[in-house]
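Working notes for the structure below.
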Amino acid sequence: MPEFQRPWIWDDEHIKMIIASISHGYPIGTILMLDCSNNDLNFATRTAEGVTSENISPEKIILDGQQRLTALFQSLYSNLPANPKSSMSSTSGKRLKRWYYMEIEKAITPGEENIEDSIKSSSEKLDTIDEYEKLVFPLSKTFSFSDWKDMCWKHLERDEETLKKLNLFEENIIKDGFLYYHVPYVSLAETTPFEAICPIFERINSTGVNLDVFDLLTAIYAAKGFNLRADWDVHRTKLLNEYNVLEDFRGTDFLKIISLLATYDPHKTDFPSCTRKAILNLLYKDYKKWVDVAAEGLKKAANLLASQKIFDKNNLPYTTQLIPLSAIFGVLGDETDRGGSREKIIRWYWCGVLGELYSGTTDTRFAKDLVEVVDWIENEDLEPTAIYGANFSSNRLLKLKDRRSAAFKGICALLLNNGVKDFYSNKSIDLESYYERNINVHHIFPKKWCEMNKIDGDRRNCIVNKTPLSKRTNNKIRDLPPSDHLRLIEKDARIKPSNMDKILESHFIKPKFARSDDFDSFFSYREQKLLEIIESAMGKEISDLHN
């Protein structure tokens, strides 16, 4: 089977179930094979777990069916004990040692449940004499049952009643159940292209681990003696030691950066590409040429996010936008150290976030962004599509209630970047204080107070009535209106009212509206201020606001 296959993970109970299914003649599903006589499909392969043969040049490899076939091989064919997991849900990786048997008398007794009950597993291999005398058949001898039957009958002094039982077991279970059982399989032709294998595998392997293009390229490079996964793990570990924001960035995302860099050519009209097909066509030499450039671009992208007060994965609007952002840094190199170039990249970034451009299929957009942003850096007149096509509607603020939304996260970052200060500590929020004070987004006018004062749900729960605050501050606010919780915080934190007013203003909260619990005036004022910082970040007017 190809190296990209997940490990064998079945437990003892699943092995018993598939043995019972075959004993009944029930179907166990179709096996999917791939003809590998085509040298172009040069996957690194391995044998099923428990198979000891080496130096095999397979004619076909298993794409789907590893779990079933390995279970059957280990329990029915191998002379070694099976080694199922202790539990399929366990993450410990603990393995058991199991031998599988059928109690002959119970198996030949009419009734479907008797076959299930007859299948036993043992951590110890039974003595052969015990097998004969108890009429317990070792399933590892399924394909040599006749020999076992002869020796058993001979040991039991050719007892005729026993022979009847053995013959019935042979006909009904061994032959009808196992020897005459047919497992259907589909074999993909040797002409099947790389890019078709992933979706085929994913559709039929719905209960397993999804196969992505990273797994396929890992298998392709493994045939050349290179461990792609280990190489990515090295880069990922280095990056995560510095940047928590990259925690959800996957190996496939990294390959997309490299593919964009490898296929980018400023002298050609064709766009670069990071589609599945382009990645599978990524030559090993091109990977080695661009991998360090991609890693450095990703590092610069993470630094840019930190400068915009985006510190961790939970507050990252789009993980996917890191792909073109890193590729842009990779292509431009030292050019991004220029203040004007960096400002353009930041503007492009915010248009993507606030215009919510990266929520759908984005591979084509990545390529377009790379080309257009690089061109725009060099030519002021060539404004990227992502900038002039990005729109933010003024009524969008009312709909931004879910902190998982990209635009919601983006506005919170803009607030942090504009220097908001925590109510209790009176300190701006930087990387250190972000984690130290457990910063999160909380209501300004508490939800319960709003409900009691008949504030509608849209205004009560949207981003206009929320702001980044420390856990300690939020514990002080509780369900109190601003007029009360501000006095409480001023007293407890020893903050003068004039200084508290400055803190409120850093959040675009008008002090007099907050201190008088005037929600309507508070909301109108802050809504306008948030729209202004959105316009500033995008570098363009919100058209329906001014119309």
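The values are calculated or read from the model by the stated rules, or taken from the named source; none is laboratory data. Quick caveat, the model's predicted, so the values are computed rather than measured. Heads up, the Cβs are rebuilt from the backbone with ideal geometry, glycines too, and the neighbour counts pull from every protein chain shown.
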Would a scan of segment 307-316 turn up a residue that is modelled with pLDDT of 95 or more, in contact with a Leu (Cβ under 8 Å, 6 or more places away or on another chain) and assigned to a helix (DSSP H, G or I)? no
Looking at segment 204-213, which of the residues that are farther than 18 Å from ASP35 by Cα and surrounded by 14 or more Cβ atoms within 10 Å (Cβ to Cβ) is modelled with the lowest pLDDT? GLY208
Total residues in segment 312-360, condition within 19 Å of ILE463 (Cα to Cα) and among the β-branched types (Val, Ile, Thr): 1
Quick one: ILE19 ticks every box in (1) touching a residue at least 40 places away in the same chain (Cβ under 8 Å); (2) more than 20 Å from ILE115 (Cα to Cα) bar one, so which box is it? (2)
Residue check, LYS454 against (1) at positive phi; (2) in a helix (DSSP H, G or I), all met but one. Which one? (2)
Restricting attention to segment 317-345, which residues are in a helix (DSSP H, G or I) and either under 16 Å from LYS409 (Cβ atoms) or out of contact with any helix residue (DSSP H, G or I) (no Cβ under 7 Å at 6 or more places or on another chain) (or both)? LEU322, LEU325, GLY333, ASP334, ASP337, GLY339, GLY340, GLU343
May I ask you to verify whether SER86 is among the small types (Gly, Ala, Ser), surrounded by fewer than 20 Cβ atoms within 10 Å (Cβ to Cβ) and either touching a helix residue (DSSP H, G or I) at 6+ places or on another chain (Cβ under 7 Å) or closer than 28 Å to SER123 by Cβ (or both)? yes
Please work out if LEU280 is out of contact with any Ser or Thr (no Cβ under 8 Å at 6 or more places or on another chain), modelled with pLDDT of 95 or more and within 23 Å of GLY360 (Cβ to Cβ). no
Given the condition touching a Ser or Thr at 6+ places or on another chain (Cβ under 9 Å), at pLDDT below 95 and at negative phi, answer yes or no: does some residue in segment 194-203 qualify? yes
Taking SER146, is it assigned by TED's automatic domain parsing to the domain that holds LEU166, part of a loop (DSSP other than H, G, I, E, B) and of a type outside the set (Val, Ile, Thr)? no
Taking only segment 50-82 into account, find how many residues are modelled with pLDDT of 90 or more and assigned to a loop (DSSP other than H, G, I, E, B). 3
Quick check: anything in segment 430-445 crowded, with 21+ Cβ neighbours inside 10 Å, closer than 22 Å to LEU354 by Cα and touching a helix residue (DSSP H, G or I) at 6+ places or on another chain (Cβ under 7 Å)? no
Breaking point among (1) in the same structural domain as ASP458 (by TED's automatic domain parsing); (2) surrounded by fewer than 22 Cβ atoms within 10 Å (Cβ to Cβ), for ASP363: (1)
Scope segment 34-49; condition at pLDDT 85 or above and either exposed (fewer than 14 other Cβ atoms within 10 Å of the Cβ) or among the hydrophobic types (A, V, I, L, M, F, W, C) (or both); matching residues: LEU34, ALA48
Quick one: in segment 214-268, of everything that is β-branched (Val, Ile, Thr) and within 18 Å of GLN321 (Cα to Cα), which residue is surrounded by the most Cβ atoms within 10 Å (Cβ to Cβ)? ILE257
Single match in SER341, SER259, SER273 (criterion: in the same structural domain as ASP375 (by TED's automatic domain parsing) and in contact with a Cys (Cβ under 8 Å, 6 or more places away or on another chain)): SER259
If you go through segment 91-98 one residue at a time, do you hit one that is touching a helix residue (DSSP H, G or I) at 6+ places or on another chain (Cβ under 7 Å) and surrounded by 14 or more Cβ atoms within 10 Å (Cβ to Cβ)? yes
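This table checks each residue for (1) surrounded by fewer than 19 Cβ atoms within 10 Å (Cβ to Cβ); (2) closer than 30 Å to ASP35 by Cβ.
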site	(1), (2)
LEU126	yes, no
PHE145	no, no
ASP150	yes, no
TYR181	yes, yes
GLU190	yes, yes
Is there a residue in segment 426-435 that is in a helix (DSSP H, G or I) and either without any contact (Cβ under 8 Å) to a residue 40 or more places away in the chain or over 22 Å from PRO317 (Cα atoms) (or both)? yes
Of the residues ALA386, ALA367, ALA390, only one is hydrophobic (A, V, I, L, M, F, W, C) and closer than 16 Å to ALA301 by Cβ; which? ALA386
Are any of the residues in segment 489-507 under 26 Å from LEU316 (Cβ atoms) and either modelled with pLDDT of 95 or more or within 40 Å of the chain's Cα centre (by Cα) (or both)? yes
For LYS399, state whether it is surrounded by fewer than 20 Cβ atoms within 10 Å (Cβ to Cβ), over 16 Å from ASN314 (Cα atoms) and among the charged types (D, E, K, R). yes
